[in-house]
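Structure first, then comments.
Only the coordinates and a few stated rules stand behind these numbers; no lab work does. The model shown is predicted, which means the values in this text are computed figures rather than measured ones. Cβ: placed from backbone, ideal geometry, glycine included. Neighbour counts: every protein chain shown.
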Amino acid sequence: MSDLTGRTALVTGASRGIGQAIAARLAEKGATVIVHFGTDKGGATATVDAIERAGGAAFAVRAELGGDDDVENLFAGVEAGLAGRPLDILVNNAAAAPAGPLGATTRKEFDHLFAVNVRAPYFIIQRALPLLRNGGRIVTISSVATRMANPAQTSFAMTKGAVETMSMTLANQLGVRGITVNAVAPGATRTATNGSVFEAPGLAEHIAGSTALDRLGGPDDIADVVVFLASDAGRWITGQVIDASGGLFLGPRA
């Protein structure tokens, strides 16, 4: 995979899970990584420490997404840490979790989902563009929920459908600067944070049995796809949604 030495990357929601794995992989390839976190300072510190112990470079920036001043709070820290350097890679990973089915989702929960999952990535990109180098990379984490009918994730899937459309249209707009814009759609991914969910009797086996590659995903499975798109090897891919689910619910296995 292409070397990212000398490049800078901002990863939102990088204090744990998939975001943490993305940050670590980008740093492993040589990028200086800005580890964004909302409330999990301990996780962000652990991410930065792990990157530095491995010989990489990183710093943490705190900003709770979903509020009126969230983007400016984020970029105050980003610009201070960059100290005049441009940004090369932006990964919009931070997201609010599904709020529940139609009958249970409140207006407050619905608005929070869209504030964090749609409004924040949109205005983070807007704010990042003056810093983003020509030939830069933008990757937003979506979900396979956009291609499935799961009543428990209706509003969540709507937010991810929005960022997929955003990625396609911005790819067309920003291509003249050589900037690629893509989305990556994970499926069932076991992380340290959500691992207990998959301990429900039979659940992991059921999901694996509905996945072409016959297992649950892990954070590194998603991180490697993101790093590929962020690298020179991904230079001719833009406006796409890359399904990184191992083939979840492609159809009957037999």
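Worth a mention:
- Looking at the chain, the DSSP beta bridges with both ends there are about 5 percent antiparallel.
- Cα gyration tensor category, rounded, prolate or oblate, for segment 100-196 with a/c compared to 1.5: prolate
- Surrounding net charge for L174, when Lys and Arg each add one and Asp and Glu each subtract one, Cβ distance under 13 Å: +3
- Each peptide in 140-151, 171-182, 19-30, 87-98 receives the mean, over its residues, of other Cβ atoms within 10 Å, and ordering these scores from highest gives 19-30, 87-98, 140-151, 171-182.
- Karplus 3J(HN,Hα) series, Hz, for segment 94-102 with 6.51 cos²θ - 1.76 cosθ + 1.60 (x for Gly, Pro): 4, 7, 7, 6, x, 9, x, x, 3
- In segment 145-254 the Cα-Cα distances spread across 5 Å bins starting at 0 as 2, 11, 17, 20, 20, 14, 9, 4, 2, 0, 0 percent of all pairs.
- Between 0 and 90°, nearest 10: helix 17-28 axis offset from the chain longest Cα axis: 40
- MRE, 222 nm, helices only [DSSP H, n ≥ 4, -39500 (n - 2.57), over the chain, to nearest 500]: -11500 deg cm²/dmol
- Calculated FRET efficiency for the pair H206/A83, C-beta based, R₀ 41 Å, to 0.05: 0.25
- Relative to the Cα centre, the charge distribution of segment 124-241, modelled as +1 at Lys and Arg Cβ and -1 at Asp and Glu Cβ, gives a dipole magnitude of about 560 debye.
- Segment 211-229 residues near the modelled F249 label - backbone nitrogen below 14 Å, point 7 Å along Cα→Cβ: 211-212
- For A244, net neighbour charge (Lys/Arg +1, Asp/Glu -1) across residues whose Cβ lies under 15 Å away: 0
- For the chain, radius of gyration divided by Kirkwood radius, i.e. Rg to Rh on alpha-carbons: 0.95
- Across A128, A183, A200, mean-square fluctuation computed from a Gaussian network of the chain (C-alpha pairs under 10 Å connected) peaks at A200.
- Options A31, Y122, Q240, ranked by Cα towards positive dipole end of the chain, top entry (Cβ charges): Q240
- Pairwise FRET efficiency - L102 versus R235, Cβ, R0 = 45 Å, nearest 0.05: 0.60
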